[in-house]
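First comes the structure, then the notes that go with it.
The values are calculated or read from the model by the stated rules, or taken from the named source; none is laboratory data. Please read all numbers here as calculations on a predicted model, not as lab measurements. Backbone-built Cβ (ideal geometry, glycine too); neighbour counts: all protein chains shown.
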Amino acid sequence: MADEKDDVKEIKEPKDKSKGMMMIIIMMLGVLILAIVGGVVILLMQLNSANDGEQQIVFIDQPPVSELDIRVVPIGTTIRTNLQSPGTARHFAVVDVAVGINATDEDEANEFELLLLQREAAVLDRIISILRRTTRDEIDREGGSEILAEEILISLQDAFDTQMIVRIYFQNISTN
């Protein structure tokens, strides 16, 4: 009987050792994953700080739509809103905005245009909100209106959760 107990101990000891080794391996993998994630986060923070003060245009991956397949939908009336102004200066923008939607599928474009016009107040609110965060210098600099249009485009695509909106058009944009 004493021999049987010794045999049982011998069998259990290797299992305990293998459990310990598994725990060590799992802990090492966890530390390795944390180090990789930490490195990526630090790299992204450095890239972001290197671009501080610069506006970037983010292009969404989508197939290009022919100009002939874009339906232009005017939004509201002329927008007049304050711009972000440094110090005591007060600047404003006056602009007419139209949204370009993908009209390659006529029925889908008709439905979306109706939805867009039904939610015109929400669309105007988003556009005005973005304009109010923008300075006159940002709009007036070379390429400024294109950057602003891209920001509005992304905001509206997010709001409607769709890629049907493909372009933002400004007509008669002016700042003071």
Problem - Qualifying positions in the range 90-117 - of a type outside the set (A, V, I, L, M) and within 17 Å of Arg132 (Cβ to Cβ) - result: Arg90, His91, Phe92
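Look through Glu151, Glu67, Glu106, Glu113 and report the one residue that is of a type in the set (D, E, K, R), more than 17 Å from Ser174 (Cα to Cα) and within 22 Å of the chain's Cα centre (by Cα). Reasoning before the result, please.
Numbers: Glu67 fails: within 22 Å of the chain's Cα centre (by Cα); Glu106 fails: within 22 Å of the chain's Cα centre (by Cα); Glu113 fails: within 22 Å of the chain's Cα centre (by Cα).
Just a single option satisfies the conditions, and that option is Glu151.
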Exercise for the section: Identify, by number, the condition in (1) surrounded by 12 or more Cβ atoms within 10 Å (Cβ to Cβ); (2) more than 22 Å from Ser66 (Cα to Cα); (3) among the acidic types (Asp, Glu) that Glu142 doesn't meet. Expected result: (1)
Practice task
Could you give me the residue pairs with C-beta distances under 8 Å whose first residue belongs to the range 71-85 and is in the same structural domain as Arg119 (by TED's automatic domain parsing), whose second residue is small (Gly, Ala, Ser) and outside any strand (DSSP E or B) wherever it lies, and which are 6+ apart or on separate chains?
Solution key: Arg71/Ala103; Arg71/Ala109
Problem - Evaluation of Val166 against (1) over 16 Å from Val73 (Cβ atoms); (2) touching a residue at least 12 places away in the same chain (Cβ under 8 Å) (one fails), failing number - result: (1)
